[in-house]
Amino acid sequence: MAKETSERTFWGRLASWGPYHALMHLATASPRRQFLILAAFPILWILTQHLGPMLQMLRVSLTDAYPVAPGVEQHFTLENYARFFGDSIFWQPFFRTLIFAGVFTFCTLVLTYPVAYFLARHVSRKNQMLFLLLLLIPFWVGEIVRTYAIMILLGNTGAVNLALKTLGLIDRPIPFMYTSFSMGVGIVYLTALYMLLPLYSALEKLPKSMNEAAADLGAGAWTRFRRVSLPLTIEGISSGCTLVFLISTGFYATPVLLGGPSTTVFAETIAGFFHVAGDEWPTGAAFATIMFMAALIITTVFQKLMNSLRKGDKK
Amino acid sequence: MNNRVELFRGNRIFLSCVYWAFVLYVFVPLILMVLMGFKDSKFIGFPIRSWTLDWYTGVFSDAQVLSTFGYSVAIAVLSTLISVVVGTWIAVLLEGRKFVGRGVTFGLTVLPALVPGIISAIAFRIYARYLGIEPGMGAIIWAHAVHNVPFVVLVVMARLSTLPKSQIEAARDLGADPFIAFARITLPYLVPAILGASIFCLLLSFDDFVRSFFLGGYEPTLPVLIFAKLKSGMSPEINAIATVALLLTAVIGVWAERFTRRMNKES
């Protein structure tokens, strides 16, 4: 009876189709074989597509010529790395990028923490999604379009300057554009969401009773924030900051459009090696590797620091 | 209890002001940008004295802009298809299974999402050369697909972790082989997550600049076109193009958000 009904469906017919049955029998002969069949493709993909590009970049960074011209022999060399450490012209954009990324990450944190706090603690469950969705809408819009929006906001004939002029605060427009300020506004604008979401989910998990208990014991608003909310959301802060820092170091179009000659970031330096003839690729690859390593080391140290802070607080 | 309400009221008012100020901060630049697309002058700047729809009619009759739209959408759809299949497969492998090297595998799975934009673009550019992929549509699709896989994996894994194991066991007890159990139990259960992840990938690909810029051939994607136009000077025409792109992404984003929420509630 059961067999009859199952044979009428597509799946029933598939299951009793000879070649499929034989294939399945072969594939599921042992749990080990079954696992290998399931795992082979994902592992292969991850190794060749996720790890491959990074390893190839590292390899190219250690060669003296890439792409290799016919008749030329490729040699392994550390020359490309030496070029970075040997010339202070490259250090400047490098350290500027790291400092900017750090400062912008901190600004994003300070800006979004109260917003996340408000959403998680002062908005009813029913409305939370609505309030959050309202903030998500602008973040669906792409990087270039939002960068352009900031250009219109901050330009010499932009909205901010017009507003200040109308209020009679200034006579001549303030040149916001092509400075580290305009770049900061742009990058914070682009990354705010990546900070907001981890903070929100950390704050949402925090039981309301904790704050109330602290208030009953006489703690003021600032003390409650410093002694209760802040230590208990360190995990969210840590992951939000890591994410925003990594993203900030990788921006290319935004610094090009919003920054000026005095704000050149390392991304522009790296890109320069790929716009010209091919033999600069190894240097570009080496610089990208240096950038990535530096960003990884900084975020790892930061996370370790935050972790020990959390553990220290629990004692 | 009343005392408590009193105590928190001051904070509440202050924080709600911060929230609405933040809403203004994220919306005002975009609203201004949209308004500027209706300005009846070639000169970008405030105030706007007269209005026109000419820039929009211009966009919709510009063959290059329209073909760029099509090109970007095609790239987004094709790269999303790859990401979703690969991402779901990886998620099924990783979720709820213990094996040697699982931690490393997971770390490498999310790697493409963590590599900063410019470095990811450079690495893909070098690897495309190594694999012999010419810059152009294929290269962009490939780079977007690889970059978006981690997002699919995370979304699908989250959904998979809530699937009651008993359902799979019941299917197996009734004689279903692993593949049929997956196709008839697991896959239907994953549909909301897969759809949500697809929309996210579509938007990520459609909005991506840096990878499209470094892996593209002569034909630009929409963000690359806007970037090129911006470098040669601001014009309300760009505002009109950007506004159409903005509306497209915002509408799809909001619709997807509501859709996945409803599907999640139903099951």
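If you check A:A69, A:A101, which single one turns out to be over 29 Å from B:M234 (Cβ atoms) and more than 7 Å from every other protein chain (Cβ to nearest Cβ)? First the steps, then the outcome.
Working: A:A101 fails: over 29 Å from B:M234 (Cβ atoms).
Only one candidate passes the filter, namely A:A69.
Can you name every residue in the range B:47-56 that is in a loop (DSSP other than H, G, I, E, B) and either open to solvent by 80 Å² or more (accessible area, probe 1.4 Å) or in contact with a Pro (Cβ under 7 Å, 6 or more places away or on another chain) (or both)?
B:R49, B:L53
Is the range B:63-70 home to any residue that is facing another protein chain (nearest Cβ under 8 Å) and at pLDDT 85 or above? Working first, answer last.
In the first step, residues of the range B:63-70 are kept if they are facing another protein chain (nearest Cβ under 8 Å); the result is none.
No, the range B:63-70 contains no residue that is facing another protein chain (nearest Cβ under 8 Å) and at pLDDT 85 or above.
Go through A:Y20, A:Y66 for me and flag whichever is surrounded by 13 or more Cβ atoms within 10 Å (Cβ to Cβ) and in contact with a Gly (Cβ under 8 Å, 6 or more places away or on another chain).
Details: A:Y20 fails: in contact with a Gly (Cβ under 8 Å, 6 or more places away or on another chain).
Answer to the selection: A:Y66.
Read through the list (1) closer than 30 Å to B:G87 by Cβ; (2) in contact with a Pro (Cβ under 9 Å, 6 or more places away or on another chain), then give the number of the only condition that A:L62 fails.
Evaluating A:L62 over (1) closer than 30 Å to B:G87 by Cβ; (2) in contact with a Pro (Cβ under 9 Å, 6 or more places away or on another chain) leaves (1) as the failure.
Conditions (1) more than 7 Å from chain B (Cβ to nearest Cβ); (2) assigned to a helix (DSSP H, G or I); (3) among the aliphatic types (A, V, I, L, M); (4) farther than 13 Å from A:T97 by Cβ, marked per residue:
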residue	(1), (2), (3), (4)
A:S238	yes, yes, no, yes
A:C241	yes, yes, no, yes
A:I247	no, yes, yes, no
A:F274	no, yes, no, yes
A:A285	no, yes, yes, yes
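Looking at the range B:173-194 only, could you name the residues that are among the aliphatic types (A, V, I, L, M), open to solvent by 60 Å² or more (accessible area, probe 1.4 Å) and either in contact with a Gly (Cβ under 6 Å, 6 or more places away or on another chain) or not in a helix (DSSP H, G or I) (or both)?
B:L174
I'm trying to understand the selection: among the residues of the range B:57-69, which are buried (at least 18 other Cβ atoms within 10 Å of the Cβ) and either in contact with a His (Cβ under 8 Å, 6 or more places away or on another chain) or aromatic (F, W, Y) (or both)? Break it down stepwise before answering.
Within the range B:57-69, the subset buried (at least 18 other Cβ atoms within 10 Å of the Cβ) is B:59, B:65, B:68-69.
Selection gives B:F69 alone.
Limited to the range B:98-113, what total is found for residues that are surrounded by fewer than 23 Cβ atoms within 10 Å (Cβ to Cβ), touching a residue at least 12 places away in the same chain (Cβ under 8 Å) and of a type outside the set (V, I, T)?
Result for the range B:98-113: 3.
Within the group A:V110, A:V185, which residue is surrounded by fewer than 16 Cβ atoms within 10 Å (Cβ to Cβ) and within 30 Å of A:I290 (Cα to Cα)? Let's see the steps before the verdict.
Details: A:V185 fails: surrounded by fewer than 16 Cβ atoms within 10 Å (Cβ to Cβ).
Criteria check complete, one pass: A:V110.
Starting from the range B:22-46, keep only residues that are open to solvent by 50 Å² or more (accessible area, probe 1.4 Å), then list their pairs with residues that are outside any helix (DSSP H, G or I) whose Cβ atoms are within a distance under 6 Å, requiring at least 6 positions of separation or different chains.
Here the result reads B:F38/B:W51; B:D40/B:S50; B:D40/B:W51; B:D40/B:T52, each pair linking the range B:22-46 to a residue that is outside any helix (DSSP H, G or I).
Being more than 7 Å from every other protein chain (Cβ to nearest Cβ) and of a type in the set (D, E) is the filter here, so list the residues in the range B:229-263 that pass it.
Result: B:E237, single match.
Taking the conditions exactly as written (of a type in the set (G, A, S) and not in a helix (DSSP H, G or I)), does B:S41 satisfy them or not?
Details: of a type in the set (G, A, S): yes; not in a helix (DSSP H, G or I): yes.
Yes, satisfied.
Can you run down the residue pairs with Cβ atoms below 6 Å, 6 or more apart or on separate chains, where the first is in the range A:136-149 and facing chain B (nearest Cβ under 7 Å) and the partner is open to solvent by less than 20 Å² (accessible area, probe 1.4 Å) and assigned to a loop (DSSP other than H, G, I, E, B)?
A:E143/B:F209; A:I144/B:F209
Failed condition for A:S182, given (1) free of Cβ contacts under 8 Å to residues at least 40 places away in the same chain; (2) more than 23 Å from B:S120 (Cβ to Cβ); (3) of a type in the set (G, A, S), with all others met?
(1)
Exactly one of (1) at pLDDT below 90; (2) at the interface with chain A (Cβ under 7 Å from one of its Cβ atoms) is unmet by B:Y127. Its number?
Going through (1) at pLDDT below 90; (2) at the interface with chain A (Cβ under 7 Å from one of its Cβ atoms) one by one, B:Y127 breaks only (1).
Mind counting the residues in the range A:190-236 that are surrounded by 13 or more Cβ atoms within 10 Å (Cβ to Cβ) and not in a helix (DSSP H, G or I)?
Residues that pass the stated criteria total 3.
Take the residues in the range A:150-166 that are of a type in the set (V, I, T) and more than 7 Å from every other protein chain (Cβ to nearest Cβ), then tell me which one is surrounded by the fewest Cβ atoms within 10 Å (Cβ to Cβ).
Let us first name the residues in the range A:150-166 that are of a type in the set (V, I, T), namely A:150, A:152, A:157, A:160, A:166.
Filter once more, keeping what is more than 7 Å from every other protein chain (Cβ to nearest Cβ): A:160, A:166.
Details: A:V160: 18, A:T166: 11.
By that ranking, first place goes to A:T166.
Would you confirm, using the coordinates I've provided, whether B:V18 is surrounded by fewer than 18 Cβ atoms within 10 Å (Cβ to Cβ), at negative phi and facing chain A (nearest Cβ under 7 Å)?
Numbers: surrounded by fewer than 18 Cβ atoms within 10 Å (Cβ to Cβ): yes; at negative phi: yes; facing chain A (nearest Cβ under 7 Å): yes.
For B:V18, the condition - surrounded by fewer than 18 Cβ atoms within 10 Å (Cβ to Cβ), at negative phi and facing chain A (nearest Cβ under 7 Å) - is met.
Can B:E95 be described as in contact (Cβ under 8 Å) with a residue 24 or more places away in the chain, more than 8 Å from chain A (Cβ to nearest Cβ), among the acidic types (D, E) and closer than 17 Å to B:L190 by Cβ? Write out each step before concluding.
Working: in contact (Cβ under 8 Å) with a residue 24 or more places away in the chain: yes; more than 8 Å from chain A (Cβ to nearest Cβ): yes; among the acidic types (D, E): yes; closer than 17 Å to B:L190 by Cβ: yes.
Criteria met by B:E95.
Scan the range A:128-142 residue by residue and report those that are farther than 11 Å from B:L246 by Cα, in contact with a helix residue (DSSP H, G or I) (Cβ under 8 Å, 6 or more places away or on another chain) and open to solvent by 20 Å² or more (accessible area, probe 1.4 Å). Walk me through it before giving the result.
Taking the range A:128-142 as the starting set, the residues that turn out to be farther than 11 Å from B:L246 by Cα are A:128-136.
Filter again for in contact with a helix residue (DSSP H, G or I) (Cβ under 8 Å, 6 or more places away or on another chain), leaving A:128-129, A:131-136.
Once the filter is applied, which keeps residues that are farther than 11 Å from B:L246 by Cα, in contact with a helix residue (DSSP H, G or I) (Cβ under 8 Å, 6 or more places away or on another chain) and open to solvent by 20 Å² or more (accessible area, probe 1.4 Å), the range A:128-142 yields A:M129, A:F131, A:L133, A:L134, A:L136.
For the range A:249-258, enumerate the residues that are part of a loop (DSSP other than H, G, I, E, B) and open to solvent by less than 10 Å² (accessible area, probe 1.4 Å).
Matches in the range A:249-258: A:G250 only.
Which residues, counting only those in the range A:31-62, are of a type in the set (A, V, I, L, M, F, W, C) and within 11 Å of B:I90 (Cα to Cα)?
Residues of the range A:31-62 of a type in the set (A, V, I, L, M, F, W, C): A:35-41, A:43-47, A:51, A:54-55, A:57-58, A:60, A:62.
Listed by number, the residues that qualify are A:L38, A:A39, A:A40, A:F41, A:I43, A:L44, A:W45, A:I46.
Among the listed residues B:A121, B:A145, identify the single one that is in contact with a helix residue (DSSP H, G or I) (Cβ under 8 Å, 6 or more places away or on another chain) and closer than 24 Å to A:I37 by Cα.
Values: B:A121 fails: closer than 24 Å to A:I37 by Cα.
That would be B:A145, the only listed residue that is in contact with a helix residue (DSSP H, G or I) (Cβ under 8 Å, 6 or more places away or on another chain) and closer than 24 Å to A:I37 by Cα.
Name the residues in the range A:167-182 that are at pLDDT 85 or above and open to solvent by 70 Å² or more (accessible area, probe 1.4 Å), would you?
Correct list: A:L167, A:P175, A:Y178, A:F181.
For the range B:234-267, give me each residue that is within 30 Å of B:I122 (Cβ to Cβ), over 16 Å from the mean Cα position of the chain (by Cα) and open to solvent by less than 30 Å² (accessible area, probe 1.4 Å).
So the first thing to find is which residues in the range B:234-267 are within 30 Å of B:I122 (Cβ to Cβ), and the list is B:234, B:238, B:241-242, B:245-246, B:248-249, B:252-253.
Next, from what is left, pick out any that are over 16 Å from the mean Cα position of the chain (by Cα): B:234, B:238, B:241-242.
B:I238, B:I241, B:A242, listed by residue number.
Please verify whether B:A181 is closer than 27 Å to B:W89 by Cβ and within 12 Å of chain A (Cβ to nearest Cβ), treating the condition exactly as stated. Give the steps one after another, and end with the answer.
Numbers: closer than 27 Å to B:W89 by Cβ: yes; within 12 Å of chain A (Cβ to nearest Cβ): yes.
It is true that B:A181 is closer than 27 Å to B:W89 by Cβ and within 12 Å of chain A (Cβ to nearest Cβ).
The values are calculated or read from the model by the stated rules, or taken from the named source; none is laboratory data. This is a predicted model, so every value here is computed, not measured. With ideal geometry, Cβ positions are generated from the backbone for all residues, glycine too; neighbour counts draw on all protein chains shown. Heads up: the accessible areas ignore ligands, DNA and RNA and are worked out on the full protein's heavy atoms, side chains in. Shrake-Rupley method; radii C 1.70, N 1.55, O 1.52, S 1.80 Å.
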